[in-house]
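Single-structure report; data block below.
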Amino acid sequence: MSSFKIMWHMIMFDLPTKRKKDKRRYHWFHDELAREGYVMIQYSVYAKVFSSPESAGYGKKRMVDFVEKNVKHGNIRMLMFTDKQFANMKVIIGEQAEEEKNEPKQLLLF
């Protein structure tokens, strides 16, 4: 499978956490990302791998629809890039997350 066809979808977010209600929403959003198959790269930075640009586009649309319906405050950004571009990411300080070191579980089926 070409690393130019495999796509990553990254979600970066800052959500309010001052009130108890805000904290519950933050954790709820975090849990929803995990249910959708996103893995934490850093705090408030999650990524998911897709087998094609088409499936990545569908996954992006699902998240945009979900966020527009369920999140009213905060800052959420999305970015899509190829597996090759992801592999070129350099960690300056710290270590790669375990999910970055191993081949994504979704692709083991191919």
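Structure above, values below:
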| quantity | calculated |
| --- | --- |
| The listed residue being within 18 Å of Ile6 (Cβ to Cβ), at pLDDT below 90 and aliphatic (A, V, I, L, M), out of Ala56, Ala97 | Ala97 |
| Members of the stretch 73-84 that are surrounded by 10 or more Cβ atoms within 10 Å (Cβ to Cβ), of a type outside the set (Val, Ile, Thr) and either within 13 Å of Phe13 (Cα to Cα) or modelled with pLDDT of 90 or more (or both) | Gly74, Asn75, Arg77, Met78, Leu79, Met80, Phe81 |
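So that you can scan it fast, the table gives a plain yes or no per residue for (1) crowded, with 18+ Cβ neighbours inside 10 Å; (2) in contact (Cβ under 8 Å) with a residue 60 or more places away in the chain; (3) on the phi > 0 side of the Ramachandran plot:
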{"site": "Met7", "(1), (2), (3)": "yes, yes, no"}
{"site": "Gly37", "(1), (2), (3)": "no, yes, yes"}
{"site": "Gln42", "(1), (2), (3)": "no, no, no"}
{"site": "Val45", "(1), (2), (3)": "no, no, no"}
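The values are calculated or read from the model by the stated rules, or taken from the named source; none is laboratory data. Keep in mind the model is a prediction, meaning the values are calculated, not measured. FYI the Cβ positions are ideal-geometry reconstructions off the backbone, even for glycines, and counts take in every protein chain you see.
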